[in-house]
Amino acid sequence: MKMPMIFTRLAGLIPKAVRNHKPVIILATVGFLCFAPSLPAQMRDCEGIRTERGNKVLLDDITYAAIDRPSADEPFPSMERLEYKLHSNIEQLRVESGTMIKILRCSGRRPQNENVFDRSLIEQLDNKDVVLEIWGKIAQSKEHGVRVHNAFLRYVLIPIRYSELTSGGPSGIYRIEYPMKTTEKADEVLNLFDQAVEMKAYVAIGVGINSFKVQKYDLALKNLCIGQGLLSQQTTRRPDFDPKGLIEYIRDQAVKVIQKARNDSSYKGAIKLLSDQLAANPCIAAEVK
Amino acid sequence: MWWTKYKTTMKIHYSPIIRLRAVCLAALFSIYIALTLPAEAGAPNVPCKRPFIFSDAMVNAVVLPYTYAGSSGKPLSQTAKKLSLLIQVDTLFSALKYGSIGAVRLVDESGDRKCEANAVLKELQKQVKPGHGLVLLWGRIYEEKKDIYVQSYAHFLRGNVKEELELLIGNNRFIASLPTQAFAFAPRKLTVEDLNSIQSQFERSAIVHEKPDESSPGTPIPVDPDFPFSFWVVDVKDEWMRIKHMERHGPDGWIYAGPRIGGWPLSQKLPELSFVDALIGYLQARGTRDQENRKRYLQFTEWMQEALLRYQKASEGAEAPLATAIGKELNAVVRFLKPDRSIEDIIISQRLFKEAVRLIPYSADAHNLEIISRIAFAYQQITPPPPSPKIIAHDLVGAVALDPQNLQILSNLANFYSLLISKPLQEADPNEVLERPELELRLKAVKDIIVTQASSQAP
């Protein structure tokens, strides 16, 4: 068998005794291919991430990890329910956030798990003004012989995740999970996965923190207050939703925005009008009473 | 263009009143165009990539095709297509009572997903005349066995007009904008049985009668994606229109175009259709400006308020806070702008603005609207408790915190300080009064910031 050119060139680097031993060469080649770093196909770059300007939300694929995935013509309600809810929420986010953000659909981008969002990746995303990344997954298990699809939705709030990894801030990853029996009706799961308000809150918080980083104090305060207000509203509507840690962090950040604005001699804006009382809790008007 | 030819025909053959109502019925023409013309007929469809509105109509309501919500591009079933059509027809028939209306249903004829709301809105905004209104409605559908899940979205606007409330108190202007003109409605669920029942009810209500009398014999207007229906308006009598079917086979006669108690049947299951009715009423009302139109303004606002009440009742337990808040604000605004508005109108408006703030407390604009209505209320010197200038000023500064770049709020703050200087509130509790030196200091600080903000925001 004639060796391909690449292997012929490499052969020059290998001792002659080994080069002449074909089984070794074949084994080495196979071994190289097996253990070479895999292409980052699951975290492939998203179209538009480099070219679109402004704050961005990345919507990744919803994947499934099931042993016996339904065939193409068999209904797969778990996947369809999740897709319906996610896409409806994304549309609501787009409609109600106006031009504040760009939503990029990232086909083929499939985070394996949360650990891929390490410091290196987070810094890359942060540099490209990505504020939120969303993906979903359906995994299968069996309960008392009945097939159950567990649906997961994950949000990574990039600026908060960055703070978590660099200075021990609150967690920047949020999870929704729900076991869906294929026989049950869609209503409950569709209600649970109605995350439109949470998405708006996360986006506003991300935009707020990013604005703060570049001393855009007015925009930072406005968006942090929107985020705080939306989260506080959701705690009254959803008893199981507990973003206390995140709300406290946002309050703290809002106070820091005011402190920095007041101390910045180049800042001449309206934050200077706030009284000390208001400066201690600037987003108080945004909270549900 | 085919529609230009239609308008020319209208000018030759019909009186202005009939022309006005005929614009409405041109909507039905658009349904015909959208649904039925085979390619060999040679006439154009109304595709999303070439959307149009009836430019003479005071308000246009445009419904995009409701699409499957998932990412797999699955086409809608016949049931879902029927729902999409019923939504459009319900919108049209609810709007008939307002008179100068255009209603258009767009289709995604090429299947290349050109019916994105953003793209369509961008095109339509170029066509809307100054002061004329546009309501765009679209949505997502998901079907599972016999259940249909729907979520709708709306965007409304007037050509070259900002949606704001302006009040003159003394010599001071106070201005506040609506928080948004685009929002989502709460998701809804219908069953196939619901849909069939609604279609039957509609067919019983949308009847073409032999005479302008509901007791006279009639034929229902069919609701079928495969059945074209298009009409010419040939006569108008009170709240009845006489129509002539454009096809060889179809009902001719009189249809009732007035308001219906309880609205049309689909709006019970999809309350957002009542909201769209209210949006049309709001835009029509804002379009009538002078005293000659006083009667029409009052009629439009009455219909708008009835529609909002129907929305509220049908939405109980499943509200969308942002949409509901906007509804309350629109209601409050039209009351404030009523010719010969009463003290009761101001009190009700203020209550509605407060309720809106409770729903969307994070919105600086919602706070701004509520506060300027409170200032107007304070200067009416109506009833106890006495207004507190300190609290009003404090709340305005609180609104500034929610949006420090908002020039309207800053101007309102400055104007409030000016007003207190020139015309102190007589009934105020002395402990709640701001003294003149303090007012002048604060006024100067705010004015300096306004100058800086205005120059940094200048194009």
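How far apart, in nanometres, would the label points at B:Ser342 and A:Gln112 be if each is projected 7 angstrom from Cα along the Cα-to-Cβ direction?
Using points 7 Å along Cα→Cβ, the separation is 7.2 nm.
Between A:Val146 and B:Lys146, what FRET efficiency comes out of the Förster formula 1/(1 + (r/R0)^6) with R0 = 30 Å and r the beta carbon distance, rounded to 0.05?
Values: r = 23 Å, r/R0 = 0.75.
The pair B:Lys146/A:Val146 has a calculated efficiency of 0.85.
Subtracting the Cα-Cα distance from 0.36 nm times the residue separation, let me have the gained length for B:Lys237 to B:Val192 in nm, one decimal. Numbers along the way, then the final one.
Details: separation 45, 0.36 × 45 = 16.20 nm, distance 3.76 nm.
In short, 12.4 nm is gained.
So, with +1 on the Cβ of K and R and -1 on the Cβ of D and E, and no other charges, what is the size of the charge dipole of segment B:311-440 about its Cα centre, to the nearest 20 debye? Numbers along the way, then the final one.
Numbers: 12 positive and 17 negative charges, 59 e Å.
Roughly 280 debye, rounded to the nearest 20.
Once a ≥ b ≥ c are taken as the square roots of the eigenvalues of the Cα gyration tensor of segment B:298-374, is the result rounded (a/c under 1.5), prolate (a/b larger than b/c) or oblate (a/b not larger than b/c)? Could you put the intermediate results ahead of the total?
On the way: a/c = 2.34, a/b = 1.10, b/c = 2.12.
Taking the square roots of the gyration eigenvalues as a ≥ b ≥ c, segment B:298-374 is oblate.
Assuming a ≥ b ≥ c are the square roots of the Cα gyration tensor eigenvalues, decide whether segment B:325-459 counts as rounded (a/c under 1.5), prolate (otherwise, with a/b larger than b/c) or oblate. Present the calculation step by step, with values, prior to reporting the outcome.
Values: a/c = 1.89, a/b = 1.15, b/c = 1.65.
Oblate.
Output the relative contact order of segment B:334-402, whole-number percent, from Cα pairs under 8 angstrom with separation of 6+ residues.
Numbers: 45 pairs, mean separation 20.5, N = 69.
Worked out over segment B:334-402, it gives 30 percent.
Placing +1 on the Cβ of each Lys and Arg and -1 on the Cβ of each Asp and Glu in segment A:168-244, which of A:Val214, A:Ile226, A:Gly172 has its Cα farthest towards the positive end of the resulting dipole?
A:Val214
Ranked from highest to lowest mean number of other Cβ atoms within 10 Å per residue, what is the order of the peptides B:79-88, B:169-178, B:278-287?
Working: B:79-88: 21.5, B:169-178: 17.8, B:278-287: 25.5.
The densest-packed peptide leads the list: B:278-287, B:79-88, B:169-178.
From Cα pairs below 8 angstrom and at least 6 apart in sequence, can you work out the relative contact order of segment B:109-187, rounded to a whole percent?
Numbers: 97 pairs, mean separation 20.4, N = 79.
About 26 percent, as a whole number.
Suppose the chain between A:Arg237 and A:Glu123 were pulled fully straight at 0.36 nm per residue; how much longer would it get relative to their current alpha carbon spacing?
Details: separation 114, 0.36 × 114 = 41.04 nm, distance 3.41 nm.
Residue separation times 0.36 nm, minus the Cα-Cα distance, leaves 37.6 nm.
Per residue of A:266-277, count partner chain C-beta atoms within 10 Å of its C-beta, then hand back the mean as an integer. Numbers along the way, then the final one.
Values: counts 0, 1, 6, 8, 17, 4, 4, 11, 5, 4, 0, 1.
Mean partner-chain Cβ count within 10 Å for A:266-277: 5.
Is there a simple number for the mean count of other chain Cβ atoms within 10 Å of the Cβ of residues in A:188-200, and what is it?
The per-residue average across the peptide is 2.
Dipole size in debye (nearest 20) for segment A:85-142 around its Cα centre, Lys and Arg Cβ +1, Asp and Glu Cβ -1? Could the numbers behind the result be given before it?
Working: 10 positive and 8 negative charges, 78 e Å.
I would put it at about 380 debye.
For A:Phe193, enumerate residues with amide H under 5 Å from its amide H, sequence gap 5+ or separate chain, H modeled in the peptide plane.
Answer set, sorted by chain and number: none.
Which order do the peptides B:128-140, B:338-350, A:245-257 take when ranked by the mean count of other beta-carbon atoms within 10 Å per residue, highest first?
Values: B:128-140: 21.5, B:338-350: 14.9, A:245-257: 19.3.
Going by the mean number of other Cβ atoms within 10 Å, highest first, we get B:128-140, A:245-257, B:338-350.
Just need the relative contact order of segment B:154-193 here, percent rounded to a whole number, with Cα pairs under 8 Å and 6+ apart. Write down the numbers at each step before the final one.
Values: 29 pairs, mean separation 16.1, N = 40.
Contact order relative to length: 40 percent.
Under unit Cβ charges (Lys, Arg +1; Asp, Glu -1), what dipole magnitude, rounded to 20 debye, does segment A:135-289 have relative to its Cα centre? If you can, show how the numbers build up before the last one.
Values: 22 positive and 16 negative charges, 85 e Å.
Taking the Cα centre of segment A:135-289 as origin, the dipole is about 420 debye.
³J(HN,Hα) across segment A:168-179 via Karplus (A = 6.51, B = -1.76, C = 1.60, θ = phi - 60°), whole Hz, x for Gly/Pro?
x, x, x, 4, x, 10, 10, 10, 10, 9, 7, x
Quick one: which residues, 5+ away or cross-chain, put their amide H under 5 Å from the amide H of B:Ala61? H built at 1.01 Å from N.
B:Gly102, B:Ala103, B:Val104, B:Val135
How far is it, in nm, from the label point at A:Lys289 to the one at A:Arg50 when both lie 7 Å from their Cα along the line to the Cβ?
5.2
Give the peptides B:157-166, B:448-457 in descending order of average Cβ contacts within 10 Å, highest first. Mind showing how you got there, number by number?
Numbers: B:157-166: 16.3, B:448-457: 13.5.
Packing order, densest peptide first, comes out as B:157-166, B:448-457.
Partner chain Cβ atoms within 10 Å, averaged over the residues of B:354-364 - can you pull that number for me? Could you put the intermediate results ahead of the total?
Details: counts 0, 0, 0, 2, 2, 2, 6, 12, 19, 5, 5.
Mean inter-chain Cβ contacts per residue within 10 Å come to 5.
Could you tell me the calculated FRET efficiency between A:Lys213 and A:Asp276, based on Cβ-Cβ distance and R0 = 22 angstrom, to the nearest 0.05? The partial results should precede the final answer.
Details: r = 25 Å, r/R0 = 1.15.
For R0 = 22 Å, the calculated efficiency reads 0.30.
Sequence neighbours fewer than 8 away in the same chain don't count; with that in mind, list the lysines whose C-alpha is under 26 Å from B:Lys122.
In chain and number order, the partners are A:Lys56, A:Lys102, A:Lys200, B:Lys5, B:Lys7, B:Lys49, B:Lys81, B:Lys114, B:Lys162.
Near A:Lys256, which lysines are there with a Cα under 20 Å away, not counting those fewer than 8 places off in the same chain?
A:Lys213, A:Lys216, A:Lys222, A:Lys244, A:Lys268, A:Lys272
Among rounded, prolate and oblate, which fits segment A:92-216 when a ≥ b ≥ c are the square roots of the eigenvalues of its C-alpha gyration tensor, a/c under 1.5 means rounded, and a/b larger than b/c means prolate?
On the way: a/c = 2.46, a/b = 1.71, b/c = 1.44.
Here segment A:92-216 falls in the prolate category.
Taken together, the values in this text are just the output of simple stated rules run on the coordinates, not laboratory data. Every value quoted in this text rests on a predicted model; they were computed, and no experiment measured them. Cβ: placed from backbone, ideal geometry, glycine included. Neighbour counts: every protein chain shown.
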